[in-house]
1. Mind telling me which of the residues B:139, B:163 ends up being without any contact (Cβ under 8 Å) to a residue 12 or more places away in the chain and over 21 Å from residue A:319 (Cα atoms)?
2. Of the numbered conditions (1) in a helix (DSSP H, G or I); (2) surrounded by fewer than 23 Cβ atoms within 10 Å (Cβ to Cβ); (3) in contact with a strand residue (DSSP E or B) (Cβ under 8 Å, 6 or more places away or on another chain), residue B:251 fails exactly one; give the number of that condition.
3. Within the bounds of segment A:118-132, is there any residue that is over 50 Å from the mean Cα position of the chain (by Cα) and either under 17 Å from residue A:64 (Cα atoms) or assigned to a strand (DSSP E or B) (or both)?
4. Looking at segment B:15-44 only, could you name the residues that are in a helix (DSSP H, G or I) and within 19 Å of residue B:308 (Cβ to Cβ)?
5. What is the number of the single condition among (1) within 10 Å of chain A (Cβ to nearest Cβ); (2) farther than 28 Å from residue B:423 by Cα that residue B:190 does not meet?
6. I'd like to verify a number: residues in segment A:230-241 that are modelled with pLDDT of 95 or more and either over 23 Å from residue A:329 (Cβ atoms) or at the interface with chain B (Cβ under 10 Å from one of its Cβ atoms) (or both), how many?
7. Taking residue B:227, is it under 29 Å from the mean Cα position of the chain (by Cα) and facing chain A (nearest Cβ under 10 Å)?
8. Hey, could you check segment B:213-243 for residues that are touching a strand residue (DSSP E or B) at 6+ places or on another chain (Cβ under 6 Å) and in a loop (DSSP other than H, G, I, E, B) and say which is surrounded by the most Cβ atoms within 10 Å (Cβ to Cβ)?
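The values are calculated or read from the model by the stated rules, or taken from the named source; none is laboratory data. It should be emphasised that the depicted structure is a prediction, and the values quoted were computed from it without experimental measurement. We place every Cβ from the backbone using ideal geometry, glycine too, and count neighbours over all the protein chains shown.
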C-alpha cells in the first residue's frame, strides 16, 4: 500500500473513532485545564468600568458624612414648632445662615432658627428643617406656618451607608453605578482582577495577512482578526500574533512565545486529520505541554484540540472562520470569563420559531447559525444561514446566533420553537 | 421684604411655572442641539471592535479568490466518473498533487485525476472532486467508486462574495463577525466614525475629589466618576475634569475649556433654583453660548439645563447622583450614540410585575428606580429602591433599571405589569 492509501485508512479510522461529547469536553476543561481567576492589581477608579472588583469594600466613612438638610429652609428645634399652622405661626429668631461645604459654627438655641440650603450640615441644637415654602421672613425673625417632627427634612449621618458596612463584594462587575458608590467612599483606586491576555495566531500555507498583496492561490487571514475581536467581546485583551507558516519548528517557537506572553493561547488552522494536523503535533512536542483532548462530537468544530502549555490553556481551533468563532464561543469564552472573575454565565438567549427544517450531523451536537427576523408582532423567525460551507465568510456576518440540535435529534422541524443563543451585538 | 423673602417668592414662582414636558425637551434637543454624526477617521481593523463603519465596503477581490475543494480527495473531470459505483469503479491516472497556498501548474486531462486537499485550488481541466473515502489508490492510479456531478465538492471562486459586491454598509457596528468579513477582503484599515469625547465635571463647594482628605462638612464627588463611566457605557470617551468650586469665573473658564477639548460637555450640580443656579448662569454668560431649556417636568431631574457652547451640546445635570445618572441616560446617552453613528436606539427592556405601589410626582413624568427579583418561574418582580432621597448613593447600586409613570397617571399599583428599562450591565 502507498503512503496516501495508508493515510486514507488513517482518516477513516479517525472518523469512526468515538469522539468526546460536548459535555465530556466541557468536563475535561474544568478538571484538567482548570481555568482560575487571575491575580488582582490596583487600578484607577476612573479606569474601572467593566472590570471586576477583587476586594470586599467596607465603608471607611459614613454616608452622608454628616446630617444634612434635604430642603431649602430653616433648621429648628422641632419642639419649638409644635402647634404652628397657617393661622398660628410660631416666630423664631434667625441666629445665622448655614452654608454648604463647611461645618456650621452657629448653634440653634431655644426659639431660634438658622437659614439653611439643601445639602448643608444641620447645625448643633437643631433637629429638623422647615421648608422655606412654609415660612415668612421678617428681618431677623422668621414665621413658621407648619409644625415639623424630629428629623423632618434631614438625612442623618450614615443613613445611606454606615461606617464599616461592606458595600460591595469581591467579584462585582463595576458599572457606572458601582463606580459612583466607590467614589462616594472616597476611593480613587480599587483592586480589580487582571484582564486575561489572549495570544491569537493563525496558520496555513495559504493564509496571508490583510493589508499585504494577495498572491495566486492565497486567501486573507480572517481568524486572527475575528478571534482578536471576540477576545475583547469576552472581556479579554488580545495579543495579535499574525500568521505562521506550516513549519513545525516555527510553530513550536510561536506557541512557546505565545504562552510566555499571554494567559491563554488560541490558534486556528492546522488541526484537521491527515497531513494537516500540524498544530496538535507542535503542541504535543513542546516541553511541559499536554494535549488534553483532540476531537469533539460537534458540528462544526470537530477537529478542535485543547491542551496546556505549562499552566496556560491552549485552544487549537479549526481554520474555517465560522467553526473557529463558534468553538471560541463554546469553549474559550467561558475560560476567559472565568479568568477575568466574571464567571462563566452563558450569553443571551431568545425564543424564536424555526423558519425552516434544520438537520443535525449524525452523532454530533449540531450548531446551526441563524439570523433572526421579526415575523408577526411577538414572533421571531430563526432562519438558517448558509448551512453548507462552514468556510463561507458571509455566514458569519449574517448570523445573529445559533440553534443547538442535540446528538439524538435528527432535525428541528419548520415552525418548531427553538432557543437562539445570541452572539455579541455591539449596539 | 427682605432678600430671602424675595427669594422664597422666586422659588415658588419657578415651582409653578409651566415646565417643558419630557417629550418637548426631546424635541428641542433634536431641533436646536441638533446632534450629528462626528467625522470619520482611518483606524486599524484590529482596533475596530465596537466602532461604527463610516464607509460602504465593496469587495475588491472575490471570495473565495479561486475555486477550491471542500474535501480531501481527487480533482477529476466529472464526465469521467459517470456510471462509477461500488461494483464498477472507474480507474483514473493520478497526474499529480495539488497543494494548498499556490496555484496548481498541473492540468487534469481526460481520464486523469489530481490528489487534492480541502481548501486547495481546483486545477485546470477538473470540474469536480471525489472524496477520498470513495476512492482506492493503487500506485499511479486511483479507483473511483462513486460518480460525481459537475462542481461537486467545489466552492466556486466568488461563491461567497462577488467582486464589486457591497458587503458592509456605512453605519454598521463592527463586531468580531464584521471584522472577520473585512479581514477576508484584505482590509487592514477601515474608515470609522470618531468616538465622541465627553468632558465631565462636577461643581459644588462641598464636593471633594476621591483620594483626597475629607474635611468636615464636605462629601466626596460621585458624579464625575459615575458619569465618566456612563460615557464609556454609551460608547463615548470621557474627559474627566474633576471638581470646580462655585465660582462664576472659574466655571466659565472650565466650560470654555471643556467645549474646546471635547464634543459634548456634561456638568453636575449648581442647577437648582435660588442661589444654587450658578451653572446655568455660567453657561448663559459665555460668548457664543445659548441656554436651550432649563427645567423639565420629570422626577428626578427637574432642574436640568441644556444648551450649546458654540456648536457643542452642554448638559447641566442636577447634583444628586441618581438624578444626574438618570438624566444622563435619558438625554445625554442618545446624543452620544447619535454622534458615534450608532443611532439612538433605546436600551434593553423587560416586562415585570410591580412589587409594590409606586407613586408619581404630580404633573411630572416620574422615573422610579427598581431592582429586579426572580419571583416564580417566568415572573420577575420590580421592587422600588429607596424612593425618598435621590441623593442616596446606594439607590444607584441597587437599581437594575427604572419604571416610567406618565404625567397623567397617579400611581402604578401593586401586581401591575410594568416595563423596566434596564441600565447597563457589564456582565
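1. Checking each option against the conditions leaves just B:139.
2. (2)
3. Scanning segment A:118-132 turns up no residue that is over 50 Å from the mean Cα position of the chain (by Cα) and either under 17 Å from residue A:64 (Cα atoms) or assigned to a strand (DSSP E or B) (or both).
4. Step one: list which residues in segment B:15-44 are in a helix (DSSP H, G or I), which gives B:15-16, B:22-33.
Answer for segment B:15-44, where residues must be in a helix (DSSP H, G or I) and within 19 Å of residue B:308 (Cβ to Cβ): B:24, B:25, B:26, B:27, B:28, B:29, B:30, B:31, B:32, B:33.
5. Exception for residue B:190: condition (1).
6. So the count comes out to 5.
7. For residue B:227, the condition - under 29 Å from the mean Cα position of the chain (by Cα) and facing chain A (nearest Cβ under 10 Å) - is met.
8. Across segment B:213-243, the extreme among qualifying residues is B:221.
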